[in-house]
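The block underneath contains the structure these notes are about, expressed in structure tokens.
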Amino acid sequence: MENMDKTYDPSFEKRIYEKWMKNKCFEAHVDPDKEPFTIVMPPPNITGQLHMGHALNQTVQDILIRFKRMCGYEALWIPGTDHASIATEVKIVEKMKEEGLSKEDVGREGFLERAWEWKKQYGGRIVEQMKGLGISCDWSREAFTMDENCSNAVLEAFVKYYKKGLIYRGSRIINWCPCCHTALSDAEVEYEEQKSNLWYYKYPVVGEDDAIVIATTRPETMLGDTAVAVNPKDPKMSRFIGKTVRLPLTDRTIPVIGDDYCEIGFGTGAVKITPAHDPNDFEVGLRHNLPVIQCIGEDGLMNENAGKYQGMDRLTARKAIVNDLTQLGLMVKIEPYSHNVGTCYRCGETVEALISKQWFVKMKPLAEPAIKAVKSKRTEFIPKRFEKTYFNWMENIKDWCISRQLWWGHRIPAYYCDDCGETVVSKTAPDKCPKCGGHMSQDEDVLDTWFSSALWPMSTLGFPKKTKALNYFYPTSVLVTAYDIIFFWVARMIFSGLEFMDDVPFSDVLIHGIVRDAQGRKMSKSLGNGIDPLEIIDKYGADALRFSLATGIAPGSDTRFTEGKIENCRNFVNKLWNASRFVIMNIKEGEKLEMPTRPTGADKWILTRLNDVIREVTVNLNKYEIGLAAARLYDFVWSEFCDWYIEMSKPALYSGDAKLHEHQIAMLVQVLTTILKLLHPFIPFITEEIYSKIYPDDILMLREWPSFNKHRVYRKEEGEYEGLRELIGAVRNLRNEMNVAPGKRISAYIATSDEKFMTSVAPYLDKLAGVGEIHFVADKSEVEGKYCAVVSRLAELFIPLGDLVDEKKEIERIKSEIAATEAVIAKAQGLLSNQNFIAKAPQKLVDGEQAKLDAALDKLEKLKDKLAAYEA
RNA sequence: GGAGGCAUGGCUCAGUUGGUUAGAGCACACGGUUCACAUCCGUGAGGUCACAGGUUCGAGUCCUGUUGCCUCCACCA
């Protein structure tokens with residue numbers, strides 16, 4: 001048949017992808033006769049290009065979706081990209097900076113034009129990258145978080161939440177990034193440990209010759225202090241309560257209050273309270289009705305409340321204040337101190353706690369059903385331990401700040417009257433104020449990017465429209481994502497789904513790990529250790545990349561990407577290529593390739609093994625144990641199909657007997673095509689390519705998944721051939737140890753209880769162990785001259801090696817085998833003499849031990865005979 | 001402070017509900033070029049499964065404790 005190149009070259013991948021696209025293989029449709037299986041892709045940010053994490057994430061999803069599609073589900077995988085409000089805006093601002101432009105220079109309109117241009121460029125590139133990976137998503141449904149339908153979903157959600165009182169606008173203390181110039185949600189703040197100091201200084205008590213020492217890591221916020229708190233139960237400090245202290249560097253005095261927020265025994269026993277710049281202090285301020293004085297502005301600079309420090313940035317002001325306090329003799333001591341500082345997850349700038357008027361989602365009422373949904377297993381996490389993380393977050397959740405002072409994103413559908421200040425929240429802009437008829441202006445801010453992501457499983461299926469697709473495909477089957485966005489995304493999708501669809505967005509959440517570098521470090525831009533999936537695809541092919549990502553992964557665990565692993569997987573793919581090449585080049589014109597009705601012993605062995613593989617791979621894929629499934633296939637294809645079955649097929653193929661040949665090639669084709677199907681979800685390109693060489697008019701990805709066939713399981717033959725493999729291994733070992741030339745064929749005397757079987761496998765002994773000539777004997781007494789013996793459960797082989805036999809070596813070999821056999825006997829006897837074992841262990845195991853013991857005793861006897869013969 | 005994970009040959013990892021002699025890849029040693037594949041084939045060496053207890057007929061696997069590494073959450077100034 002058709003020639004295949006000697007070495008696997010993945011350049012056919014593009015052609016195969018086009019074939020799938022042309023045949024609309026990825027498209028799914030509402031089909032009431034079939035059960036849907038749906039995945040929505042976590043939309044990659046349009047900030048740049050795909051990294052290994054995306055490749056892993058998408059490989060996992062593609063494996064699942066291809067598997068389920070072959071299993072007969074109406075399998076829908078919806079692709080898309082995320083506008084990534086803040087992340088993209090940061091990138092665009094950076095790029096504009098290179099041109100010497102700022103956001104203000106180009107204005108809102110101009111900026112948005114640039115953003116859409118960016119989306120077109122990077123979003124398009126990402127799609128091309130995804131196609132290169134071979135993923136089978138339905139591109140006709142490709143979505144973008146800011147396309148028309150997703151935007152409608154956002155409007156619908158915002159307005160509905162607002163009408164229910166679940167969205168409100170208010171002045172609260174929020175996280176502010178002075179660099180991105182926007183509010184952030186709690187989830188968007190990352191804490192990192194920084195070395196700093198703890199400054200101790202005095203606040204003099206008014207009217208007394210006394211002072212309270214406070215300690216702080218942020219002296220610059222003292223200008224916003226409105227109280228000093230001590231614990232009322234603290235015997236040393238409670239006397240200060242009700243007194244007033246002078247706030248140094250200002251002309252203000254502030255009260256000393258009692259509040260158990262101040263912990264006894266910690267620090268100096270007193271803590272300065274700055275409600276405007278610390279969330280805890282803000283709470284204390286509310287309890288004591290303290291004024292709020294903001295001294296740091298949104299630009300990160302000291303403001304008009306900072307007196308002479310006005311205009312300084314935070315760190316400069318800190319130095320100046322420390323200096324001034326020292327000059328005044330108020331500084332007591334400075335200690336080195338490391339503590340966690342909140343930073344912006346996008347730009348890394350230290351975030352500032354500020355009081356600001358923002359929009360919030362009230363979380364408690366939404367969290368409650370979301371917790372219930374997971375507790376009642378409507379949604380399950382795999383692995384389960386992540387449910388704990390989820391509960392912990394949901395149970396301690398605070399209101400979600402959703403407004404961002406950015407331009408790229410969904411503009412908040414709130415309108416304020418220029419005249420009377422009336423607020424209207426509506427999907428469409430009101431022409432005039434319903435109260436006073438004045439002009440209404442839309443809120444300048446946009447929504448947190450995660451607000452739209454939270455609606456993704458619905459909005460991609462048509463929500464807010466009640467589409468047939470939404471009805472059929474929702475709730476989706478499984479969400480596949482890394483553990484780092486459980487809070488950002490997974491949790492928020494769950495409460496949004498429950499709120500708007502009255503149902504969870506997905507039944508399962510499959511959490512995978514992150515891809516690390518060879519040293520186990522996180523791949524990151526700053527370390528420069530990222531590996532570009534595209535380069536790997538260029539060098540090794542997408543299949544090799546996919547297989548290396550799928551091998552050895554376990555739910556929830558990180559994985560390392562190493563050059564060695566990718567090479568190994570490329571070699572595996574090459575192995576499959578060559579095995580297929582062997583099969584295909586041996587197909588003769590006109591041969592029937594259907595499954596033969598009368599399998600031989602070796603056929604029965606491989607069919608039994610194959611059926612076990614089908615069962616295990618299917619079970620593991622259903623359990624999301626992708627790594628186990630991949631490893632099982634790897635081992636089976638390489639060590640059983642290639643190393644044994646193909647080798648065993650050669651005598652028949654080269655026999656010159658046309659009937660034998662046809663039977664053998666049909667078997668090979670049948671086993672191979674089953675293997676291709678099983679491997680297809682993992683390495684779709686090469687399997688499709690090979691399949692097309694056998695069945696040019698067919699498409700593998702649309703074929704049915706193999707099922708376990710109990711009529712093709714032959715345990716007897718399986719056992720016999722496993723025995724044969726052992727025996728051949730033992731002969732090979734002997735040949736090696738005795739330095740028999742690899743090409744040299746040897747003869748053997750065989751003592752066996754099953755002469756018929758041993759006769760039937762004679763060709764294999766010849767081909768695989770170089771035993772060209774066999775003579776059956778009753779026992780060793782019939783063997784003349786020097787020989788070595790191989791004892792196995794099937795037979796005893798006596799191999800005359802003439803002068804090659806080194807008696808001393810042979811005696812050593814026998815002795816070590818006796819020792820090994822005795823160890824087996826000792827263990828089995830130990831177990832079998834233990835009454836508890838007999839009574840409590842499963843019968844199958846007891847029988848197994850007994851059989852093992854009998855075989856070992858028999859073997860030992862023969863070995864001992866042999867040894868005695870030598871030593872005599 | 002709270003929660004979770006990991007610890008298996010030189011390296012990277014498998015090992016599912018406890019049950020043969022704990023597996024694989026890489027690396028290593030020895031041997032191999034006609035007949036699919038040197039991106040290959042055969043053989044071999046290498047492990048007290050972190051440590052200490054416990055449960056069990058039986059523990060790499062379950063429980064308790066110890067040590068070391070890692071992650072997430074909280075953020076007490």
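Condition test on A:Gly80, is it more than 16 Å from RNA strand B (Cβ to nearest atom) and buried (at least 18 other Cβ atoms within 10 Å of the Cβ)?
The answer is yes for A:Gly80.
I'd like to know if the range A:826-841 contains one or more residues that are under 24 Å from A:Gly719 (Cβ atoms), away from RNA strand B (no atom under 14 Å from the Cβ), surrounded by 12 or more Cβ atoms within 10 Å (Cβ to Cβ) and not aliphatic (A, V, I, L, M). Checked the range A:826-841: no residue is under 24 Å from A:Gly719 (Cβ atoms), away from RNA strand B (no atom under 14 Å from the Cβ), surrounded by 12 or more Cβ atoms within 10 Å (Cβ to Cβ) and not aliphatic (A, V, I, L, M).
Select, from A:Val509, A:Val490, A:Val504, the only residue that is within 13 Å of RNA strand B (Cβ to nearest atom) and aliphatic (A, V, I, L, M). Steps first, please.
Numbers: A:Val509 fails: within 13 Å of RNA strand B (Cβ to nearest atom); A:Val504 fails: within 13 Å of RNA strand B (Cβ to nearest atom).
The conditions single out A:Val490.
Looking across the range A:417-441, the residues that are open to solvent by less than 60 Å² (accessible area, probe 1.4 Å), on the phi < 0 side of the Ramachandran plot and under 51 Å from the mean Cα position of the chain (by Cα) come down to A:Cys417, A:Glu422, A:Thr423, A:Val424, A:Val425, A:Ser426, A:Pro430, A:Cys433, A:Met440, A:Ser441.
For the range A:738-758, state whether one or more residues are within 10 Å of RNA strand B (Cβ to nearest atom) and outside any loop (DSSP other than H, G, I, E, B). Within the range A:738-758, not a single residue is within 10 Å of RNA strand B (Cβ to nearest atom) and outside any loop (DSSP other than H, G, I, E, B). Checking the stated criteria, A:Met52 turns out to be of a type outside the set (Val, Ile, Thr) and modelled with pLDDT under 95. The condition (being surrounded by fewer than 22 Cβ atoms within 10 Å (Cβ to Cβ) and of a type in the set (Lys, Arg)) is satisfied by just one residue among A:Lys91, A:Lys68: A:Lys91. Residue-level check: of (1) open to solvent by 60 Å² or more (accessible area, probe 1.4 Å); (2) touching a helix residue (DSSP H, G or I) at 6+ places or on another chain (Cβ under 9 Å), A:Ala856 misses just (1). The residues of the range A:565-585 that are within 7 Å of RNA strand B (Cβ to nearest atom), farther than 20 Å from A:Glu13 by Cα and open to solvent by less than 50 Å² (accessible area, probe 1.4 Å) amount to a single one, A:Phe582.
For the range A:528-558, a tally of residues being open to solvent by 30 Å² or more (accessible area, probe 1.4 Å), more than 13 Å from RNA strand B (Cβ to nearest atom) and assigned to a loop (DSSP other than H, G, I, E, B) returns 4. Selection within the range A:1-35: residues that are open to solvent by 40 Å² or more (accessible area, probe 1.4 Å) and outside any loop (DSSP other than H, G, I, E, B). The member of this set that is nearest to A:Met585 (Cα to Cα) is A:Ser11.
Taking the range A:441-481 as the range and being of a type in the set (A, V, I, L, M) and closer than 17 Å to A:Ala84 by Cα as the test, the residues that pass are A:Val446, A:Leu447, A:Ala454, A:Leu455. Return a yes/no flag: does the range A:493-500 have any residue that is in a helix (DSSP H, G or I), touching a residue at least 12 places away in the same chain (Cβ under 8 Å), more than 9 Å from RNA strand B (Cβ to nearest atom) and of a type in the set (Ser, Thr, Tyr). Yes; the residues of the range A:493-500 include at least one that is in a helix (DSSP H, G or I), touching a residue at least 12 places away in the same chain (Cβ under 8 Å), more than 9 Å from RNA strand B (Cβ to nearest atom) and of a type in the set (Ser, Thr, Tyr).
Listed conditions (1) outside any strand (DSSP E or B); (2) touching an Asp or Glu at 6+ places or on another chain (Cβ under 7 Å); (3) at pLDDT below 95 are all met by A:Thr343, apart from (1).
Is it true that some residue in the range A:203-217 is closer than 26 Å to A:Cys347 by Cα and surrounded by fewer than 18 Cβ atoms within 10 Å (Cβ to Cβ)? Yes, the range A:203-217 contains a residue that is closer than 26 Å to A:Cys347 by Cα and surrounded by fewer than 18 Cβ atoms within 10 Å (Cβ to Cβ). Just to be sure before I move on: is A:Ala215 within 15 Å of RNA strand B (Cβ to nearest atom), modelled with pLDDT under 95, hydrophobic (A, V, I, L, M, F, W, C) and under 20 Å from A:Ala84 (Cβ atoms) in the structure I sent? In short, no. What is the number of the single condition among (1) in a helix (DSSP H, G or I); (2) more than 9 Å from RNA strand B (Cβ to nearest atom); (3) surrounded by fewer than 15 Cβ atoms within 10 Å (Cβ to Cβ) that A:Ala820 does not meet? For A:Ala820, the failing item is (2).
Please indicate, with yes or no, whether at least one residue in the range A:594-604 is within 9 Å of RNA strand B (Cβ to nearest atom) and open to solvent by 10 Å² or more (accessible area, probe 1.4 Å).
No, the conditions are met nowhere in the range A:594-604.
With the requirement that a residue be more than 14 Å from A:Tyr203 (Cβ to Cβ) and not charged (D, E, K, R), what does the range A:225-240 give you?
Once the filter is applied, which keeps residues that are more than 14 Å from A:Tyr203 (Cβ to Cβ) and not charged (D, E, K, R), the range A:225-240 yields A:Asn231, A:Pro232, A:Pro235, A:Ser238.
Just to be sure before I move on: is A:Ser524 under 22 Å from A:Arg632 (Cα atoms), within 12 Å of RNA strand B (Cβ to nearest atom) and either within 19 Å of the chain's Cα centre (by Cα) or among the basic types (Lys, Arg) (or both) in the structure I sent? It is false that A:Ser524 is under 22 Å from A:Arg632 (Cα atoms), within 12 Å of RNA strand B (Cβ to nearest atom) and either within 19 Å of the chain's Cα centre (by Cα) or among the basic types (Lys, Arg) (or both). In a residue-by-residue description of the range A:842-849, the property of being buried (at least 19 other Cβ atoms within 10 Å of the Cβ) and not in a helix (DSSP H, G or I) applies to no position.
A search for C-beta distances below 7 Å between a residue of the range A:853-872 that is within 16 Å of A:Gly723 (Cβ to Cβ) and any residue that is open to solvent by 70 Å² or more (accessible area, probe 1.4 Å) and assigned to a helix (DSSP H, G or I), counting only pairs 6+ apart in sequence or on different chains, returns nothing. For the range A:472-486, the set of residues classified as in contact (Cβ under 8 Å) with a residue 60 or more places away in the chain and part of a helix (DSSP H, G or I) consists of A:Tyr472, A:Phe473, A:Tyr483, A:Ile485, A:Ile486, listed by residue number.
Among the residues of the range A:302-325, just one is without any contact (Cβ under 8 Å) to a residue 24 or more places away in the chain and assigned to a strand (DSSP E or B), namely A:Asp313. Restricting A:Phe381, A:Phe451 to residues that are of a type outside the set (Val, Ile, Thr), away from RNA strand B (no atom under 16 Å from the Cβ), open to solvent by less than 20 Å² (accessible area, probe 1.4 Å) and closer than 20 Å to A:Leu366 by Cα narrows the list to A:Phe451.
Scanning the range A:265-283 for residues that are surrounded by fewer than 22 Cβ atoms within 10 Å (Cβ to Cβ) and more than 8 Å from RNA strand B (Cβ to nearest atom) turns up A:Phe282, A:Glu283. For the range A:151-169, the condition holds for no residue, the condition being that it is open to solvent by 10 Å² or more (accessible area, probe 1.4 Å) and within 16 Å of RNA strand B (Cβ to nearest atom).
Residue count for the range A:765-812 under the criterion of being open to solvent by 40 Å² or more (accessible area, probe 1.4 Å), charged (D, E, K, R) and farther than 15 Å from A:Lys744 by Cα: the result is 11. Listed by position, the helices (runs of 4 or more DSSP H) contained in the range A:610-709 that have at least 1 residues being within 10 Å of RNA strand B (Cβ to nearest atom) and open to solvent by 20 Å² or more (accessible area, probe 1.4 Å) are A:626-635, A:647-653.
The values are calculated or read from the model by the stated rules, or taken from the named source; none is laboratory data. Everything numeric here is computed off the predicted structure, so don't read it as measured data. Every residue, glycine among them, receives a Cβ derived from its backbone with ideal geometry; neighbour counts consider all protein chains shown. We work out accessible area using only protein heavy atoms, side chains counted, and drop any ligands, DNA or RNA first. Shrake-Rupley method; radii C 1.70, N 1.55, O 1.52, S 1.80 Å.
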